[in-house]
Amino acid sequence: MSAAVETAKHASPQKRQRAHLTDRAKAERSLGWKLAGPAFVVMLFVTLWPIADAVWLSLFNYRLTDPAGKTFVWFQNYITALSDPLFWQTFVTTFAIVIFTLIFELIFGMALAMVMHKIVIPRKTLRTIVLIPYSIITVVSAFAWTYAVSVSSGFMNYWLHFITAGGFPLDYDWFGGRWSSLFIICLSEIWKTTPFMSLLLLAGLAQVDSSMEEAAQVDGATWWQRFYKVVLPNMKAALMVAVLFRTLDAIRIYDNPYVMTGGAHETTTLSMLVSNETITRVEIGMGSCLSVILFIIVLIVAAIFVRGFKVDLTSSGGN
Amino acid sequence: MDDNLSTKVKSWLGVAAIPIILWTCVPLLFILAESLKSTTALGDPTQNTFGNFWPKDISWANYQLIFTGGAKDLFLPALWHSVVVCLASTVISVVLAMFCAYAISRLDFPGKKVILTTALAVSFFPVIAMVTPIFNLWRQIGLFDTIPGLIIPYLALTLPLSIWILSAFFQQIPWEMEQAAQVDGATHWQAFVKVVAPLAAPGVFTTAIIAFFTAWNDFVFSLNLTAQNARTVPAALAFFTGASQFTQPTGAICAAAVVVTIPVVILVLVFQKRIVAGLTSGAVKG
């Protein structure tokens with residue numbers, strides 16, 4: 001979205017007026033904040049305040065069942081958390097999911113976007129159908145895939161058994177090991193979020209000037225060269241925004257592993273670790289500390305994208 | 001569109017759509033199939049066809065279980081909480097965002113870029129990071145496990161999204177038409193009702209749908225900030241039990257999942273085009 005540009009365009013006639021009509025400009029400014037202020041304040045209250053509070057609480061050794069024992073311990077919680085192998089295990093699990101889903105969603109999402117971009121016959125049907133997983137509750141998707149691969153009630157093992165002509169064991173337990181559990185968690189995540197990814201990519205594809213592609217074709221470029229040298233560079237902005245959004249979204253993964261494994265077989269993610277500390281063990285200090293660490297991880301990833309890959313969020317998106 | 005595509009390419013693209021549609025629909029059809037299986041069929045592959053997929057005999061027992069049977073007390077209140085909490089947080093955030101987006105698109109005041117950037121940034125906060133401090137405060141002031149105690153954190157999900165998407169929509173509206181109507185002799189009120197409202201309504205409506213989907217999808221807040229008096233459907237599903245203590249809740253969960261999925265699928269089918277426009281012009285995760 002070209003918010004900044006549009007705003008500037010709208011603002012320009014009024015800016016010219018400001019030189020003459022200072023009172024009017026002042027009134028407009030105050031009206032602007034009167035209208036936008038409430039939403040802004042509520043937004044800050046419900047999002048920034050909890051984060052700030054978490055930073056403060058993370059400096060305490062504070063357990064809800066023992067309020068009298070609340071002591072200020074500086075960065076002790078951070079040292080404990082970062083030197084705990086369990087933390088690093090959840091870190092690896094989370095980023096394994098992030099990287100695996102991202103790679104597959106990029107490939108599938110791009111393929112899907114390209115089909116949707118060019119398709120003629122079931123055009124509207126396809127666009128409607130890919131939107132359905134986006135609107136499904138993540139927990140429902142998690143249950144659907146859990147039951148699909150379950151040994152007793154699932155169909156997946158039967159279908160794989162059939163496809164491999166009996167090679168795949170009917171009683172294979174997907175949730176019996178770490179990597180097969182993670183694979184199913186990723187599958188559910190990919191099913192649910194690829195449509196959103198492909199819509200962002202489709203918006204980027206629509207911006208690529210088709211005459212450039214045609215020119216490349218006339219010059220004898222192959223399909224792959226046209227895609228790699230013409231289409232991709234021209235939709236780089238949309239591509240990076242889609243990747244950034246999905247990465248930040250995937251880092252906070254919680255619903256799928258909670259429902260599918262409950263964290264068994266080393267599939268606990270960072271978000272699950274936070275809620276285990278806070279809700280199950282009521283260790284408010286440690287829970288807050290882990291929240292802050294997760295928040296900082298998100299900030300670092302966002303900074304890498306924005307600085308390193310020059311993603312401009314305010315000028316991104318479809319239109 | 002691309003008229004220069006050969007018929008061969010066109011038909012290949014049509015063929016390519018088939019696996020995509022299958023991949024999207026199979027898990028959903030399976031949830032439906034599971035919900036129609038009897039308790040015995042759920043554990044006995046010989047009573048199902050297509051490789052343990054579809055039941056040979058359709059049973060409505062799971063739906064009876066969640067609407068009139070043993071799981072009634074778990075499902076119906078959760079459904080009610082979901083509807084109330086999601087509608088309330090959607091309405092509050094869309095109304096607040098409406099004023100905000102109007103100011104951003106029509107008025108010249110310093111700080112509007114700050115508002116938009118903040119809205120985008122906070123929609124990527126790890127939600128779980130807000131849970132600990134809110135849990136701690138709610139415990140102290142008695143908001144834990146209450147409807148308002150869930151609506152307030154839900155605003156953190158829906159409000160930034162609404163501000164961002166609605167601003168994108170409002171910036172595309174030709175606001176000059178309002179003045180044009182007034183020049184033609186319409187009063188302020190007439191100009192608003194006859195010109196501005198019809199122009200703005202589709203954007204507001206789409207934003208509301210996307211905000212509602214986001215709230216409807218929430219699991220983190222509902223699971224961690226409620227016990228039973230305000231628990232919404234996604235969290236309630238995770239605590240479902242079967243007809244008796246010893247039966248698996250599979251059928252009941254699937255029936256409940258189908259019930260909460262039908263309304264969103266209808267919304268998607270009806271408003272597909274607008275939702276896509278809202279998602280991509282806002283370019284915010286839903």
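The values are calculated or read from the model by the stated rules, or taken from the named source; none is laboratory data. Keep in mind that what you see is a predicted model, and the values were worked out from it rather than measured. Counting neighbours? That spans all protein chains shown, and the Cβs are built from the backbone with ideal geometry, glycine included. SASA here: full protein model, heavy atoms, side chains in, ligands and nucleic acids out. Shrake-Rupley method; radii C 1.70, N 1.55, O 1.52, S 1.80 Å.
Side notes on the structure shown:
- Test: residue A:198 is among the small types (Gly, Ala, Ser), in a helix (DSSP H, G or I) and either touching a Leu at 6+ places or on another chain (Cβ under 8 Å) or open to solvent by less than 20 Å² (accessible area, probe 1.4 Å) (or both): yes
- Helices (runs of 4 or more DSSP H) contained entirely in the range A:201-273, each with at least 1 residues that are in contact with a Gly (Cβ under 7 Å, 6 or more places away or on another chain): A:236-251, A:255-260
- Exactly one residue out of A:122, A:169 is out of contact with any Ser or Thr (no Cβ under 6 Å at 6 or more places or on another chain) and facing chain B (nearest Cβ under 7 Å): that is A:122.
- Residue pairs meeting the criteria (Cβ under 9 Å; at least 6 apart or on separate chains; first outside the structural domain of residue A:113 (by TED's automatic domain parsing), in the range A:188-205; second in a helix (DSSP H, G or I)): none
- Just one of the listed residues (B:56, B:72) is touching a strand residue (DSSP E or B) at 6+ places or on another chain (Cβ under 7 Å) and either basic (Lys, Arg) or open to solvent by less than 10 Å² (accessible area, probe 1.4 Å) (or both), namely B:56.
- Residues (in a helix (DSSP H, G or I) and not aromatic (Phe, Trp, Tyr)) located in the range B:102-118: B:103, B:104, B:105, B:106, B:112, B:113, B:114, B:115, B:116, B:117, B:118
- The lone exception for residue B:180 - which of (1) within 25 Å of residue B:121 (Cβ to Cβ); (2) more than 24 Å from the chain's Cα centre (by Cα); (3) not charged (D, E, K, R) it fails: (1)
Okay, residues lined up against (1) assigned to a helix (DSSP H, G or I); (2) more than 30 Å from residue B:47 (Cα to Cα); (3) open to solvent by 20 Å² or more (accessible area, probe 1.4 Å):
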| site | (1), (2), (3) |
| --- | --- |
| A:113 | yes, yes, no |
| A:130 | yes, yes, no |
| A:144 | yes, no, no |
| A:151 | no, no, yes |
| A:161 | yes, no, yes |
| A:166 | no, no, yes |
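- The range B:127-175 - residue that is more than 10 Å from chain A (Cβ to nearest Cβ) and free of Cβ contacts under 8 Å to residues at least 40 places away in the same chain and, of those, nearest to the chain's Cα centre (by Cα): B:148
- Residue check: residue A:300 meets all listed conditions (1) farther than 25 Å from residue A:77 by Cα; (2) open to solvent by 30 Å² or more (accessible area, probe 1.4 Å); (3) away from chain B (no Cβ under 12 Å) but one, namely (1).
- Test: residue in the range B:17-33 that is more than 30 Å from residue A:126 (Cβ to Cβ), open to solvent by less than 50 Å² (accessible area, probe 1.4 Å) and among the aromatic types (Phe, Trp, Tyr): no
- Within the set B:182, B:190, B:248, the sole residue that is facing another protein chain (nearest Cβ under 9 Å), of a type outside the set (Phe, Trp, Tyr) and surrounded by fewer than 20 Cβ atoms within 10 Å (Cβ to Cβ) turns out to be B:248.
Conditions tested, residue by residue: (1) more than 8 Å from every other protein chain (Cβ to nearest Cβ); (2) more than 30 Å from residue A:289 (Cβ to Cβ).
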| residue | (1), (2) |
| --- | --- |
| A:22 | yes, yes |
| A:28 | no, yes |
| A:35 | no, yes |
| A:56 | yes, no |
| A:63 | yes, no |
| A:67 | yes, no |
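- Considering residues of the range B:119-133 that are surrounded by fewer than 23 Cβ atoms within 10 Å (Cβ to Cβ) and in a helix (DSSP H, G or I) only, the residue modelled with the highest pLDDT: B:122
- Residue in the range A:92-102 that is polar (S, T, N, Q), modelled with pLDDT under 90 and under 16 Å from the mean Cα position of the chain (by Cα) present: no
- Unmet requirement for residue B:2, which otherwise passes all of (1) modelled with pLDDT under 80; (2) open to solvent by 60 Å² or more (accessible area, probe 1.4 Å); (3) farther than 30 Å from residue B:219 by Cβ: (2)
- Filtered by the rule that a residue be part of a helix (DSSP H, G or I), open to solvent by less than 10 Å² (accessible area, probe 1.4 Å) and within 19 Å of residue A:271 (Cβ to Cβ), the range B:221-237 gives B:221, B:222, B:224, B:225, B:234, B:235, B:237.
- The residues in the range A:41-67 that are open to solvent by 30 Å² or more (accessible area, probe 1.4 Å), assigned to a strand (DSSP E or B) and touching a residue at least 60 places away in the same chain (Cβ under 8 Å) can be counted, and the count is 2.
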